[in-house]
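Following: one structure in structure tokens, then a few remarks.
The values are calculated or read from the model by the stated rules, or taken from the named source; none is laboratory data. These numbers come from a predicted model, not from an experiment. Here the Cβ is made from the backbone with ideal geometry for all residues, glycine too, and neighbour counts use every protein chain on show.
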Amino acid sequence: MLMSELCGLRPRSLHFLLRPSSSSLSRHRLQFSTTTTCSIPVPNRKDKVIVISGPTGAGKSRLALELAKRLNGEIVSADSVQVYRGLDVGSAKPTPGHHVFRAGVNVLSNSLHEHRNIFTYILEVRHHLVDLLHPSEDYSVGQFYEDARQATLDILKSGRVPIVTGGTGLYLRWFIYGKPDIPKASPEITSEAYSELAELERNGDWDAAVQLLVKAGDPKAQLLAANNWYRLRRSLEIIKASGSPPSSFQLPYEFFKEQFDTSLTDSSYDVNSAGDVPNQVKLKDLDYEFICFFLSSPRLDLYRSIDYRCEDMLSGSDGILSEAKWLLDEGLLPNSNSATRAIGYRQAMEYLLRCQENGGRSSAGEFYAFLSKFQKASRNFAKRQMTWFRNEHIYHWLDASKPLETVLNLVYDAYHDQTGSFVVPESLRMKKDMTNKREVLQLKAYRTKNRHFVSRDDCSDMLDWIRTTQGEAMSPV
């Protein structure tokens, strides 16, 4: 018998009410409501949102895809590169077989990429926040927060399960805990900030722009990534609008972190373990029930996988080098904005520019030097990701070297757990720190061992492609 029948209600008298709050999407919830009262208490359960993260190359996208199939879910990308059209290979973007692009998206001018942008309906699993922008546009964590929260609401309204996956730590932190209450700049302030920085940006005088921001009242301006003009301009807008630098506005995350640290003081929980969040630290003030996992492998295995992955991205005529060529053809320079700072694209663009300067010529040694630089940057990025998430205590760390089906079953069971005491078995836990001295020594002695590009002859096709495409190319400088 239905609960509604026990209360004397017909099932069709039940409905969902969306209670929107324009000031904060983080407070949007789907509330259960009826047209009459009921004497039987209805549990006020929060909607569940699964979050899957991990370092580059850990296999989080594959896990999220299989989980979405099993749970009737949709995927929200939390990847700062997948948001860009045309940056497919370097971001390991989902292929058209399980990915839908937004209807109405402009097709790229380069015919090489046209086939990637013509799909309108989902064949397997719908993906959100993929292919939203042209690479010349900037995309901020604030924009991601708004887009991801709206996508989550839409998925829940459709009766499906939101699965947020990606490795951009700041994106996920804002998504889970909320964004700081920073005042929005008026059109006048935005115009004023743009005017003050316009000439400096045209001349590429980054250092002078940083000093302008320091004098305006932001002592941490020098910590900004070089040539991140969007962030610098936004910081200037915040100072003009509020009289305070961005760093003076506390992130909601800090409140929860203090709550967690205080609880740890009275417990025997080992922060450096890969164990589960202690029961007394339940983030009850969060608007969703977030079920978060961090997928990783033993460091040596992860690094080897990353090196192979970089090789795979270079193989063929439509790899990351062709996408880097397209970026240059679009008039973009490496390290000039969000898209061209992305690992892989920056190194590939710099390499192609050097090839252009040499009339399209590149030696095998120069190619291998580029590949090595690409691989090292990718490994270092994975290391930074692991350091970041080591301090994110809401995540359960899982060993990605275990069979996919085993890990998949665990996450599936965690989603359906009703006890509130879900624990990851020891056999599937991934340690946050290396405690094995042998592993530490092996990591110090780590050397790349390629499987595709080994000898001079192995890169001859790539060098021919470079000579053909870059021989008469003019540098966009």
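Among the strands (runs of 3 or more DSSP E) confined to the stretch 22-85, the ones with at least 3 residues that are modelled with pLDDT of 95 or more and buried (at least 23 other Cβ atoms within 10 Å of the Cβ) are located at 48-53, 73-77. I'd like the residue in the stretch 428-469 that is of a type in the set (Val, Ile, Thr) and under 26 Å from residue 395 (Cβ atoms) and, out of all such residues, is surrounded by the most Cβ atoms within 10 Å (Cβ to Cβ). Checking each candidate, the answer is 440.
Filtering the stretch 205-229 to residues that are free of Cβ contacts under 8 Å to residues at least 40 places away in the same chain and more than 16 Å from residue 239 (Cα to Cα) leaves 205, 206, 207, 208, 223. Applying a threshold of 8 Å to beta carbon distances and a minimum spacing of six or more residues, or different chains, the list of pairs starting in the stretch 148-169 at a residue that is closer than 16 Å to residue 82 by Cα and ending at one that is assigned to a helix (DSSP H, G or I) and among the hydroxyl-bearing types (Ser, Thr, Tyr) reads 148/171; 164/152; 165/61.
Only one of the numbered conditions (1) in contact with a Pro (Cβ under 8 Å, 6 or more places away or on another chain); (2) not in a helix (DSSP H, G or I) is not met by residue 151, and that is (2). Does any residue of the stretch 207-222 turn out to be crowded, with 16+ Cβ neighbours inside 10 Å, closer than 22 Å to residue 83 by Cβ and among the small types (Gly, Ala, Ser)? Checked the stretch 207-222: no residue is crowded, with 16+ Cβ neighbours inside 10 Å, closer than 22 Å to residue 83 by Cβ and among the small types (Gly, Ala, Ser).
Do we have any residue at all in the stretch 424-447 that's aliphatic (A, V, I, L, M), in contact with a Phe, Trp or Tyr (Cβ under 7 Å, 6 or more places away or on another chain), under 27 Å from residue 256 (Cβ atoms) and assigned to a loop (DSSP other than H, G, I, E, B)? Among the residues of the stretch 424-447, at least one is aliphatic (A, V, I, L, M), in contact with a Phe, Trp or Tyr (Cβ under 7 Å, 6 or more places away or on another chain), under 27 Å from residue 256 (Cβ atoms) and assigned to a loop (DSSP other than H, G, I, E, B), which makes the answer yes. Among the conditions (1) of a type outside the set (Gly, Ala, Ser); (2) assigned to a helix (DSSP H, G or I); (3) surrounded by fewer than 22 Cβ atoms within 10 Å (Cβ to Cβ), the only one that residue 335 does not satisfy is (2). With the structure loaded, tell me whether residue 192 is in contact with a Lys or Arg (Cβ under 8 Å, 6 or more places away or on another chain), among the charged types (D, E, K, R) and in contact (Cβ under 8 Å) with a residue 40 or more places away in the chain or whether it fails that test. For residue 192, the condition - in contact with a Lys or Arg (Cβ under 8 Å, 6 or more places away or on another chain), among the charged types (D, E, K, R) and in contact (Cβ under 8 Å) with a residue 40 or more places away in the chain - is met. Considering 426, 472, the condition of being among the charged types (D, E, K, R) and at pLDDT 80 or above is satisfied by 426 alone. Just to check your reading of the model, which residue among 171, 139 is at pLDDT below 95 and among the hydroxyl-bearing types (Ser, Thr, Tyr)? Answer to the selection: 139. Looking only at residues of the stretch 375-427 that are touching a residue at least 24 places away in the same chain (Cβ under 8 Å) and β-branched (Val, Ile, Thr), we find that the one that is surrounded by the fewest Cβ atoms within 10 Å (Cβ to Cβ) is 423. Residues that are in a helix (DSSP H, G or I) and of a type in the set (Lys, Arg) within the stretch 339-378 comprise 341, 346, 354, 373, 376, listed in sequence order.
For the stretch 447-454, the criterion of being under 26 Å from residue 169 (Cβ atoms) and at pLDDT 85 or above is met by at least one residue. Within the stretch 350-377, the set of residues being modelled with pLDDT of 95 or more and charged (D, E, K, R) comprises 350, 354, 366, 373, 376. Reported count of residues in the stretch 301-312, each being surrounded by fewer than 19 Cβ atoms within 10 Å (Cβ to Cβ) and either among the basic types (Lys, Arg) or touching a helix residue (DSSP H, G or I) at 6+ places or on another chain (Cβ under 6 Å) (or both), is 2. Among the residues in the stretch 227-241, are any in contact with a Phe, Trp or Tyr (Cβ under 8 Å, 6 or more places away or on another chain), surrounded by fewer than 16 Cβ atoms within 10 Å (Cβ to Cβ) and modelled with pLDDT of 80 or more? For the stretch 227-241, residues in contact with a Phe, Trp or Tyr (Cβ under 8 Å, 6 or more places away or on another chain), surrounded by fewer than 16 Cβ atoms within 10 Å (Cβ to Cβ) and modelled with pLDDT of 80 or more: absent. If you check 216, 148 for being more than 30 Å from residue 63 (Cβ to Cβ), out of contact with any His (no Cβ under 7 Å at 6 or more places or on another chain) and of a type in the set (Gly, Ala, Ser), only one passes: 216.
For every residue, the table says whether it meets (1) outside any helix (DSSP H, G or I); (2) touching a Ser or Thr at 6+ places or on another chain (Cβ under 6 Å); (3) closer than 19 Å to residue 142 by Cα; (4) not aliphatic (A, V, I, L, M).
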{"site": "174", "(1), (2), (3), (4)": "no, no, yes, yes"}
{"site": "181", "(1), (2), (3), (4)": "yes, no, yes, yes"}
{"site": "188", "(1), (2), (3), (4)": "no, no, no, yes"}
{"site": "207", "(1), (2), (3), (4)": "no, no, no, yes"}
{"site": "212", "(1), (2), (3), (4)": "no, no, no, no"}
{"site": "215", "(1), (2), (3), (4)": "no, no, no, yes"}
{"site": "222", "(1), (2), (3), (4)": "no, no, no, yes"}
{"site": "230", "(1), (2), (3), (4)": "no, no, yes, yes"}
{"site": "233", "(1), (2), (3), (4)": "no, no, yes, yes"}
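Out of curiosity, is residue 452 outside any helix (DSSP H, G or I), within 30 Å of residue 362 (Cβ to Cβ) and either touching a residue at least 60 places away in the same chain (Cβ under 8 Å) or not hydrophobic (A, V, I, L, M, F, W, C) (or both)? So residue 452 fits the description; yes.
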